[in-house]
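Some notes on the structure that comes next.
Rule-based calculations on the coordinates, nothing more; no lab input. These numbers were taken from a predicted model, which means no experiment stands behind them. Note that we place each Cβ from the backbone using ideal geometry, even for glycine, and neighbour counts take in every protein chain shown.
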Amino acid sequence: MKPVAFVRPGSDRRALAGLDVELREGDLLDAPSVEKAMAGAEVVFHVGAVHRNWAPDEAAILGPAVSGTRNVLDAARRAGVRRVVCTSSGATVGFTPDPSKPLDESAPLPTPRSVYSRAKLEAEKLALTADGVDVVVVNPSGVFGPRDYRLTPATRAIVGLLQGDPAFLGVCLTDVRDVAKGHLLAASAGKKSHRYLLTGDVLTPAQVAAAFHEVTGVRPSTFSPPRFLLNFLAGSAEKKARKSGQDAAVTRDQIHDVFGHHLAYDSRRAKTDLAATFRPAKDVLRDAVRWLLYFDGLKPKVAAKVRAALGAAAAPDPDWSR
């Protein structure tokens with residue numbers, strides 16, 4: 001049986017172009033379509049979620065995460081699926097006040113305010129307490145790389161840093177291809193009801209700025225804006241999103257959750273239990289920026305500077321397509 005991709009009618013399928021997969025249409029919120037799509041499956045990778053910082057109605061983010069996960073788990077149980085790998089987020093592990101002390105899977109569950117983090121946390125709780133189905137949870141963070149066709153919030157953060165935003169968060173730089181391999185490893189070697197952080201190198205804000213300068217020729221400031229300024233900017237971003245219908249670059253709830261903390265995680269368990277490997281941070285950044293150049297995701301002056309810094313390495317991979 002070839003791999004099956006569960007897709008919504010009319011969805012953007014460019015990332016699936018050229019792959020030998022069977023497409024089955026439906027929606028996570030439509031339980032019968034989920035059950036129908038799962039027919040004959042041995043392993044299910046539940047990666048479906050609304051990856052947005054903000055929506056006019058929180059149900060647009062919470063519904064697919066919580067009700068969608070419940071529908072997937074129920075269908076997997078009825079179909080006798082051998083294992084479900086659920087994609088969660090490093091946000092459900094929490095945020096550390098010291099990037100030199102990254103969190104691991106033993107960290108106590110946070111009580112986030114942002115809707116995306118709440119959605120992921122509730123979905124993860126459902127997955128880890130599911131009866132009658134073997135579930136493993138993976139927790140990626142800072143995921144970047146080629147074929148990001150709609151530019152996720154993570155990739156848009158790179159755009160922001162290249163175009164003037166300061167680097168004041170410690171983060172992991174994780175290649176999307178390593179995350180994909182981590183999913184496969186979790187399916188074959190993960191322990192039931194365990195969760196695994198799939199995260200690359202941890203960089204402090206100063207290291208983020210240095211990596212950007214070395215790879216792209218752009219050195220972001222490491223100025224740490226005061227909380228009142230971040231809240232003002234986040235409020236403005238929310239108002240803009242409300243008018244445009246687009247996502248907000250950042251929200252006040254995210255500032256509440258993260259201010260004074262960092263997105264730094266220890267992936268030792270995945271490396272030990274799953275034999276997972278992760279590319280060096282500078283390689284991750286280089287390929288993410290190469291994709292932005294190919295996809296025209298940067299302002300022309302910034303793109304020209306980045307191309308000059310990369311030189312011949314700026315060329316796209318031959319199998320990339322728009």
Q) By count of other Cβ within 10 Å, fewest leading, how are Thr199, Thr251 ordered? A) Thr251, Thr199
**Q.** Where only alpha carbons of the stretch 4-314 are counted, the Rg and the Dmax (Å)
**A.** 19.3, 56
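So which of Lys120/Lys282; Lys239/Lys299; Lys125/Lys191; Lys191/Lys271; Lys101/Lys125; Lys120/Lys240 end up more than 20 Å apart by C-alpha? Write down the numbers at each step before the final one.
Numbers: Lys120/Lys282 28 Å; Lys239/Lys299 23 Å; Lys125/Lys191 16 Å; Lys191/Lys271 13 Å; Lys101/Lys125 25 Å; Lys120/Lys240 25 Å.
Exceeds cut-off: Lys120/Lys282; Lys239/Lys299; Lys101/Lys125; Lys120/Lys240.
Under the rule that an exposed site lies in a DSSP loop and has at most 15 other Cβ atoms within 10 Å, name the longest stretch of the chain with no GluC sites (Glu not before Pro) of that kind, not counting the sites themselves.
Numbers: sites that count: Glu42, Glu58.
Here the longest run is 59-322.
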Q: Would you work out which of Ala39, Val21, Gly10 lies farthest towards the positive end of the dipole of the stretch 1-61? Charges go on Cβ: Lys and Arg +1, Asp and Glu -1.
A: Val21
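Tally the DSSP beta bridges in the stretch 20-152 and give the antiparallel ones as a percent, rounded to 5.
Working: 0 of 8 bridges.
For the stretch 20-152, the DSSP antiparallel bridge percentage is about 0.
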Q. Sequence-distant or interchain residues sharing an amide H contact under 5 Å with Val7, placed H: which?
A. Arg24, Glu25, Gly26
**Q.** Least to most buried among Ser33, Ser188 (fewest other Cβ within 10 Å first)
**A.** Ser188, Ser33
Q) Around Leu198, which amide H atoms from residues at least 5 apart in sequence, or from another chain, sit under 5 Å from its own amide H, with H modelled in the peptide plane? A) Asn139, Ser141
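Pull out the extension gain between Ala314 and Ser221, defined as 0.36 nm times the separation in residues minus the alpha carbon to alpha carbon distance; nm, one decimal.
Numbers: separation 93, 0.36 × 93 = 33.48 nm, distance 2.37 nm.
Length gained, Ala314 through Ser221: 31.1 nm.
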Q) By how many degrees, 0 to 90 and rounded to 10, does the Cα axis of helix 300-310 deviate from the longest principal axis of the chain? A) 90 degrees
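If each residue of separation counts as 0.36 nm, what is the full-extension length gain between Thr111 and Gln246 once their alpha-carbon separation is subtracted? Before the final figure, lay out the partial values.
Values: separation 135, 0.36 × 135 = 48.60 nm, distance 2.62 nm.
Extending this stretch completely gives an extra 46.0 nm.
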Q) Leu285: net charge of surrounding residues, Cβ under 11 Å, Lys/Arg +1, Asp/Glu -1, itself excluded? A) -1
(Q) Could you give each residue of the stretch 256-268 its phi-based ³J(HN,Hα) in whole Hz, using Karplus coefficients 6.51, -1.76, 1.60 with θ = phi - 60°, and x for Gly or Pro? (A) 4, 6, 9, 3, x, 10, 9, 9, 10, 9, 9, 9, 4
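Among DSSP beta bridges whose residues both lie in the chain, state the antiparallel percentage, nearest 5. Present the calculation step by step, with values, prior to reporting the outcome.
Working: 4 of 24 bridges.
Of the beta bridges lying entirely in the chain, close to 15 percent run antiparallel.
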(Q) Just want the answer: with Cβ charges of +1 for Lys and Arg and -1 for Asp and Glu, which residue in Ser267, Ala308, Leu197 is farthest toward the dipole's positive end in the stretch 4-314? (A) Ala308
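Can you list which of the chymotrypsin sites (Phe, Trp or Tyr not before Pro) found in the stretch 182-236 are DSSP loop residues with at most 16 other C-beta atoms within 10 Å? Numbers along the way, then the final one.
On the way: sites: Tyr196, Phe212, Phe223, Phe228, Phe232; in loops: Phe223.
Qualifying residues, ordered by number: Phe223.
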Q | Among Gly80, Val133, Pro110 the positive-end extreme of the charge dipole of the stretch 78-215 (Cβ point charges) | A | Gly80
Q | Sparse-neighbourhood loop sites, trypsin sites (Lys or Arg not before Pro) in the stretch 6-96 - DSSP loop, at most 14 other Cβ within 10 angstrom | A | Arg13, Arg82
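About its Cα centre, how strong a charge dipole does the chain have in debye, to the nearest 20, once Lys and Arg get +1 and Asp and Glu get -1 at the Cβ?
Values: 44 positive and 35 negative charges, 109 e Å.
Result for the chain is approximately 520 debye, rounded to the nearest 20.
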(Q) Quick check: pseudo-label points 7 Å beyond the Cα along Cα→Cβ at Asp273 and Asp12, how many nm apart are they? (A) 3.3 nm
